[in-house]
Amino acid sequence: MQLQTMAAEKLSPAAPPADAAIAIDDVTLRFVTPDGHMMTAIRDFTMTVARGEFACVVGPTGCGKSTTLNLVTGLLRPTTGNVRVMGNPVTEISRDIGFVFQADALFPWRSVIDNVAAGPLYRGTPKAQAYDRARDWIARVGLARFEKHYPHQLSGGMRKRVALAQTFINQPKILLMDEPFSALDMQTRTAMQDELLGLWSELKSSVVFVTHDLEEAVALADKVYVLTAGPGTVKSVYRIDLPRPRVMADIRYDQKFIEIAKVIWNDLREEVQLGQSRGLQTGH
Amino acid sequence: MTAISPASDQAARATSIVAAEARARARLRRRHALVIGLRLAILIVFLALWELGADYGVIDPFFFSSPSGIWEQIWSWVTEGTSQGPLWLQIYVTLEETFLGFAIGAVGGIAAGIVLGRNKLLADVFSIYIKIANSVPRVVLGSVFIIALGLGMASKVALAVVMVFFVVFANAFQGVREADRAMIANAQILGASPYQITATVIIPSAMSWILASLHVSFGFALVGAVVGEFLGAKQGMGLLISTAQGAFNANGVFAAMIILAVMALVVEFIITRFENYVVKWRPAPFNEQGT
């Protein structure tokens, strides 16, 4: 591992500091399947995201990537270990959290503006104020002409923009993203990644971005967590010291980027192969 | 590496596009006219064959009536009234029973579907009883209601209610259960309370299921009201049919049947308009024909 010199610095997982935005400390999560078997989703999992940091999680399919996000929202509780958000133990869904889903989670019966205003309205903001803010956020993601449209009238990329506006309008201090761009085509995905980095640099949220696309992870992140094939645990952590602001369309041709991606891919490859051979055996 | 761009003639392309659009529009219009024309042709041929068959003795008009006989019967009901009072009153009575039964059954079905759909324990406990109740032939309950509630309106409304309730309930329940998990999680993280989730996510997403069941169940409500009147009543279309049946008046039976069909079609049209208004967010169905 002499390649880990310049930009991809391998970190040793340490106990999280108290002031971290997200601290997952030595968490194991088991659950009982409907037919009565015990399944371990993740084990001995430790992860820290500092305030304003962009962390990506990569790993083979079915290694528990999405599980880590649900631990942070509180929708799943750890079997052992503990999870803290902004220094406080997770007991309910925190108001500081925003979540962008892989699938389309917009409300199809609401127009774009009603979708974006949903968050503030749920949280009791007066109607006029909620719609003012919604209009502002729709303009920021470049959809001002489409306020009255319904989701089915928009393209996949435009729907993702609405989803970003819907999440960002709540000004989340913590932003969780579960393979948000995996269903988009290459050009749209690049545009959305730029959009995301732009919004993130304004808002200074702490981000956990789950993806199976290593290049996406390296291009976006300050820190990349590589997970082992399930039950998932952290295999290694890399700090990505590529300069910001980054331009997605260009960064993939950057020499330094290619080197980093290669180093991490060497690490990830055996886990992917392991995950796939296991999947063939069990038929998943 | 050199970029190759195709040569093009802008003006010629624009005129050919306009011409192609005009041709496509004309084709659509012709097709629409053809559909309407064929529909009318089938109706006319059917009525003509029936009438001619009755005239030449192929079909016995005593049992199977004839279009002219039915028309005369309807006309005499409209102008002279029926044996049990004016025709409008009969229609009004049956519609009133149908609507009351439909409204009570639908509201009850929707409410029960949402409550059980949102509560796993209640759903597990009650599902067996609902299955049992649903397998009872409900028309038979009509006799029970006549005994218990008398010959008036209440017994017909009650029968219409039980006819409607289970259909709407089953659909509302299924609709609530099928609500998208990601959408619910999204609302939850955006800050929705359980009540807000039910009101703004669960009910709208169950709406297509509920509306689909309203189409079917209005027909059921009408069946409930008419069967109730059949079994014993003082007014209504069902009584009209059973009187005509008792007098071996095939014209009367068919005439009443046609009036009922027209009533059902009119209400169906209103429900469709309501549905289009409520779910205007939905993409147009693939094979939408301008009818």
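Values quoted throughout were computed directly from the atomic coordinates according to the rules given, and no laboratory measurement underlies them. What you see is a predicted model; the values in this text were computed from it and never measured. Counting neighbours? That spans all protein chains shown, and the Cβs are built from the backbone with ideal geometry, glycine included.
Hey, could you grab the Kirkwood Rh for the protein assembly as shown? Inverse mean 1/r over distinct alpha carbon pairs, Å, one decimal. After inverting the mean inverse Cα-Cα distance, the result is 29.4 Å. For chain B, hydrophobic long helices are taken as DSSP H runs at least 15 Å long by C-alpha position along their axis with mean Kyte-Doolittle hydropathy of 0.0 or more; these are B:10-55, B:87-118, B:120-135, B:153-177, B:203-231, B:250-278. When peptides B:250-256, A:121-127, B:230-236, B:57-63 are ranked by their average number of other Cβ atoms within 10 Å per residue, the highest-first order is B:250-256, B:230-236, A:121-127, B:57-63. Since only A:Val57, A:Gly232, A:Gly74 are under comparison, the one whose Cα sits farthest along the positive direction of the charge dipole of chain A, derived from C-beta charges on Lys, Arg, Asp and Glu, is A:Gly74.
Among B:Leu52, A:Leu242, A:Leu29, the ranking by other beta carbons within 10 Å of each residue's beta carbon, starting with the fewest, stands as B:Leu52, A:Leu242, A:Leu29. For the range A:163-284, the Kirkwood hydrodynamic radius comes to 15.7 Å, computed from all pairs of different C-alpha atoms. Note on B:Leu214, A:Leu220, B:Leu49: ascending count of other Cβ atoms within 10 Å places them as B:Leu49, B:Leu214, A:Leu220, the fewest first. The Rg/Rh ratio for the range B:67-278, using Cα coordinates for both the radius of gyration and the Kirkwood hydrodynamic radius, is 1.09.
Here the relative contact order of the range A:165-280, from alpha carbon pairs under 8 Å that lie six or more residues apart, stands at 24 percent.
The alpha-carbon of A:Lys204 sits under 22 angstrom from the alpha-carbons of these lysines, leaving out residues fewer than 8 places away in its chain: A:Lys160, A:Lys173, A:Lys223. Each Cα pair under 8 Å and six or more residues apart adds its sequence gap; the mean of these over the residue count of the range B:201-253 is a relative contact order of 18 percent.
Cβ crowding within 10 Å ranks A:Glu179, A:Glu9, B:Glu229 as A:Glu9, A:Glu179, B:Glu229, fewest other Cβ atoms first.
For chain A, averaging the sequence separation of C-alpha pairs within contact (under 8 Å, six or more residues apart) and dividing by the residue count gives a relative contact order of 27 percent.
Dipole orientation for the range B:1-142: of the candidates B:Leu34, B:Pro61, B:Pro137, B:Leu34 has the Cα lying most toward the positive pole (charges on Cβ; Lys, Arg +1; Asp, Glu -1). For helix A:156-168, report the angle its Cα long axis makes with the longest principal axis of the Cα atoms of chain A; keep it between 0 and 90° and round to the nearest 10°. Tilt relative to chain A: about 90 degrees. Students often get this wrong: which residues of the range A:193-215 have the backbone nitrogen under 19 Å from the point 7 angstrom along Cα-to-C-beta of A:Met186? Answer for the range A:193-215: A:193-195, A:212-215. The angle separating the long axis of helix A:186-203 from the principal Cα axis of greatest extent in chain A is about 80 degrees. Reducing the range B:1-79 and the range A:136-208 to their Cα centroids gives an inter-centroid distance of 47 Å. Spin-label pair A:Lys127-A:Val32: with each label point 7 Å from Cα along the Cα-Cβ axis, the two points sit 4.8 nm from one another. Reported value for the range B:11-59: 46 Å³ per residue, from the convex hull of its C-alpha atoms. Quote the FRET efficiency, to the nearest 0.05, computed for A:Thr61 versus B:Thr79 with a Förster distance R0 of 51 Å and r equal to the Cβ-Cβ distance. The calculated FRET efficiency here is 0.10. In the elastic network of chain B, a GNM with C-alpha springs shorter than 10 Å, the most mobile of B:Ala24, B:Ala112, B:Ala14 is B:Ala14. In this calculation the C-beta distance from B:Val279 to A:Ser155 is compared with R0 = 25 Å, giving a FRET efficiency of 0.70.
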